[in-house]
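Right, one structure below, let's go through it.
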Amino acid sequence: MKRIISLVILTAIFGSLFAPAAQTRKASAKSTTSAPKCSGAWTGTITYQRTQSAHDNKTVQRVSGRGQDTRDWTMSYKYNARVAVVEAPEKNGSSNGIATISHQMSSKERVDAVEKNSCDRGKTWQDMRGTSTSTTESSGQASGESANVGININSDGTYSVSVGLPQIKGKVSGSQSSSFSGQCTAKEGSSFNMPSTETTIEGNSLTSDGTTRINPDDPNTLSGSYTYTWQNVTETITWNLKKCGAPLRITELQFADMKFPKWNDWQDIVPQKGTIDGNLVKIKATVLNASGETKFADLKFKETYKGDKWDGGKPDGLLDGGEASVRLDPGESRDVEFVWDSSGYSWFDDGRPRYMQRIKAELYENDKKTDEKTENLKIAPKPLVLVHGLWSNWQAWETWQNILTTTHSYDWKAFPVGEKPEKGRMDTGGEFLSSAPTKTIHGNAIELDRYVQYAQEDRNAWHVDIVAHSMGGLISREYIQAFMKPVEDGRPRVAHLVMLGTPNMGSPCADVMDIAFSVTGTTPNAVRELKPDVVAEFNRVVTNRKDVKFSVLAGNPLPTMCKTVAWNDGVVSVESAHWQIADRGLSSSLHTDLTGTKDFSAWVKPHLAVGPKSYKIPDVPVPPTALLTPVSKYNGAAAGPFFGPSPVYVEDTGRAATLAAKEVKEIEIPVSAAPDLGITFMADAKISVELVNDKGVVVGKNLAGSPESRPWFRSIYLKAGVTAGTWKLRVTNTGDLERPAYFAIWQNAR
């Protein structure tokens, strides 16, 4: 091995520079055994990297003036070396370098030539073409090579680090090919492959600029990096060196994750960016044997809470499967890798955001710890894909990015489907009361599939969470069964589906809409697919949850809705939302308010902000018979009286009206003698409706501007018996714009 090319240590100046620290150590060591004598040699690792690329594309006119040659050339050069810096056998304070080197270079050139020529003395002209390509590639790898290393310490506490790498043997290969067309006399192309032959790959060297300064609190450690760029060449030297270090040391602790969607395409994690909850992380510890003998060591990977504001006193915990043994020859530097599942690590188990995970590697020889190294790993929550429902779009979630940011950090990203329409856009009807054609649940699930993939690519996330409102829950269920592709780690791509007011058994309001739209002859797909009988068929077919956790929140502020007597949110009954889902809750919110901050804080966040322990709890399906009666409480609102699983309703009639600004209309309705009478209608909140009996008395009303005017489906319900006759609906448009209104009249509900 070659000696280091320069190692200048100015003992007197260096000693005076750090005298206070030395005095402190001397004072504290009076009653202890003196440490083994240190020769002063630096040990550790130095890495060197050189990258170079070039590209040339130009077109040159031919001398004849009838054509041109276009040349496209690219070159790529990559050279990497890792040098183990070990104490020289003489133990005289000098160090040797042992290098592992890899080299890859490629050059590709293509020339396209074209020239107009005549084969009949100028009567006709044609393009004659020719194409030639050539490639050259060289590669080489070597280990155990001697390398020159140098550490120069200056009088002002600055220092420089240098490395010189030797020539190594490699292989070079190449190919050439040509093709022609349009010649007067056909010309045949050719191809040639140059066999792989031995070549010499020149070494490289680099010295840092000498501006790096020693840390006075730890003068026996040198750690840093220097990059030099000139023309199209970039060289980087990185070092981690220690004086008087243990023979067995951890010189580096690094993290990598896979670049979505290419499984096993590992990339280094940028510290500022971090990784995403649920990604597999490759933890790599570089272990150096700086001694002259073979060593056997054990490595343990742990999570540590040291320095954490709340859990600083919590003991370190061994990561699952985080133990390895390693054998190292004299001077050998080896990487020990461990793949760790980060699922749940963006949160603590009590729901607090965890901004940083501290990973520690500990090195043991003969059960005695010889070294340890701790690095921070930033882990952001899984991207949250937000799926809107009927008569809605991505703007229903417009405030959610701010909600997520204040709940965790700006790294918790919201992806409302349709915000970037080129990535996927669902069509569930757009504006309220729209009768325009829409996509089917299946068609919208295709768009959701596209948006999930976009969210994964944008965040480099292998797993996502979904929050879906209303019909969006059915679309999400269809996506999970029909389009959700498996992930190679065996866990579902969607970790958790949280549904808000999803009609999992359909909604009788869809029947009302169907009746109302039948007047105009246009019932959108999105409306028809929410009818209870259609959803019953959907449930018969869509049964595979693929291990995705399901949770559902139902609103229950109203006792009646759309021909039905049952607790509901104005659109969906509690029973329909809860369906066969064990993890379920209740809210006092109306259907359109379930996406608000209140229900996010009280229901959505606790279901998504789960730490490692809660994350591993599986979703266990519960038999339907166990879910007939909603018993849970949420936000202080109990389920209240429940009127049976299958309300019966008959004799409904549809009406429609369009009212000009400030217009009042009366609509006659035939009423049969019955124990009740219900009017369900869809209209803007500026529409007032009064129910007038056959004697001219107002017996029910739902007025503009009142709390009852806010839901999509507004109702007037007379539970007392009604007499037969011609009744009227007095409809008033209090606004300044023309407004439509759709009515369904029903009786005999129970």
- Which of the following residues is in contact with a strand residue (DSSP E or B) (Cβ under 7 Å, 6 or more places away or on another chain) and at positive phi: N264, N279, N289, N232? N264
- Cross-chain or 6+ apart pairs with Cβ under 7 Å, segment 487-500 first and on the phi > 0 side of the Ramachandran plot, then surrounded by fewer than 21 Cβ atoms within 10 Å (Cβ to Cβ): none
- Note on the structure: Of L253, L222, the only residue that is among the aliphatic types (A, V, I, L, M), outside the structural domain of F301 (by TED's automatic domain parsing) and either surrounded by 15 or more Cβ atoms within 10 Å (Cβ to Cβ) or farther than 22 Å from K91 by Cβ (or both) is L222
- Item | Exclusive hit being in contact (Cβ under 8 Å) with a residue 12 or more places away in the chain, surrounded by fewer than 16 Cβ atoms within 10 Å (Cβ to Cβ) and under 30 Å from T45 (Cβ atoms), set N96, N57, N92 | N92
- Task: Could you tell me whether segment 178-195 includes any residue that is of a type in the set (A, V, I, L, M) and modelled with pLDDT of 95 or more?
- Result: no
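Okay, residues lined up against (1) in contact (Cβ under 8 Å) with a residue 60 or more places away in the chain; (2) exposed (fewer than 15 other Cβ atoms within 10 Å of the Cβ); (3) assigned to a strand (DSSP E or B):
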site	(1), (2), (3)
S325	no, yes, yes
F338	no, no, yes
I359	yes, no, yes
T370	yes, no, yes
E375	yes, no, yes
- Message: Can you confirm whether D156 is farther than 30 Å from A186 by Cα, assigned by TED's automatic domain parsing to the domain that holds M194 and among the charged types (D, E, K, R)?
- Response: yes
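Could you tell me which of the residues I214, I250, I201 is of a type in the set (A, V, I, L, M) and closer than 21 Å to T286 by Cβ?
It is I250.
So, S106, is that one polar (S, T, N, Q), surrounded by fewer than 18 Cβ atoms within 10 Å (Cβ to Cβ) and within 30 Å of G189 (Cβ to Cβ) or not?
yes
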- Query: Any idea which residue in segment 722-739 is surrounded by the fewest Cβ atoms within 10 Å (Cβ to Cβ), counting only those that are in a loop (DSSP other than H, G, I, E, B) and free of Cβ contacts under 8 Å to residues at least 60 places away in the same chain?
  - Reply: A724
- Item | Residue list for segment 354-388, restricted to those being under 30 Å from S476 (Cα atoms) and at pLDDT 95 or above | K378, I379, A380, P381, K382, P383, L384, V385, L386, V387, H388
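Among the listed residues V281, V287, identify the single one that is in the same structural domain as G331 (by TED's automatic domain parsing), surrounded by 14 or more Cβ atoms within 10 Å (Cβ to Cβ), within 30 Å of G40 (Cα to Cα) and not small (G, A, S).
On the way: V281 fails: within 30 Å of G40 (Cα to Cα).
The conditions single out V287.
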- Task: Test K531 against the criterion of being under 26 Å from Y479 (Cα atoms) and modelled with pLDDT under 95, and give yes or no.
- Result: yes
- Quick check: is even one residue across segment 572-582 part of a helix (DSSP H, G or I), within 30 Å of T406 (Cα to Cα) and in contact (Cβ under 8 Å) with a residue 24 or more places away in the chain? yes
- Message: Among the residues of segment 292-316, what is the count of those that are among the polar types (S, T, N, Q) and crowded, with 18+ Cβ neighbours inside 10 Å?
- Response: 1
- Out of G278, G224, report the one residue that is part of a loop (DSSP other than H, G, I, E, B) and either of a type outside the set (A, V, I, L, M) or at pLDDT below 95 (or both). G278
- For segment 402-424 the number of residues that are surrounded by 18 or more Cβ atoms within 10 Å (Cβ to Cβ) and not β-branched (V, I, T) is 12
- Log entry, pairs with first residue in segment 279-294 being in contact (Cβ under 8 Å) with a residue 40 or more places away in the chain and more than 27 Å from R491 (Cα to Cα), second being among the aliphatic types (A, V, I, L, M) and not in a strand (DSSP E or B), beta carbons closer than 8 Å, six or more apart or on different chains, reads A290/A246
- Members of segment 392-406 that are among the hydroxyl-bearing types (S, T, Y) and under 17 Å from the mean Cα position of the chain (by Cα): T405
- Note on the structure: Within segment 377-399, restricting to residues that are out of contact with any Ser or Thr (no Cβ under 8 Å at 6 or more places or on another chain) and part of a helix (DSSP H, G or I), the one that is surrounded by the most Cβ atoms within 10 Å (Cβ to Cβ) is W394
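The values are calculated or read from the model by the stated rules, or taken from the named source; none is laboratory data. A quick note: this is a predicted structure, and the numbers were derived from the prediction, not measured. Here Cβ is always computed from backbone atoms with ideal geometry, including for glycine, and neighbour counts include all displayed protein chains.
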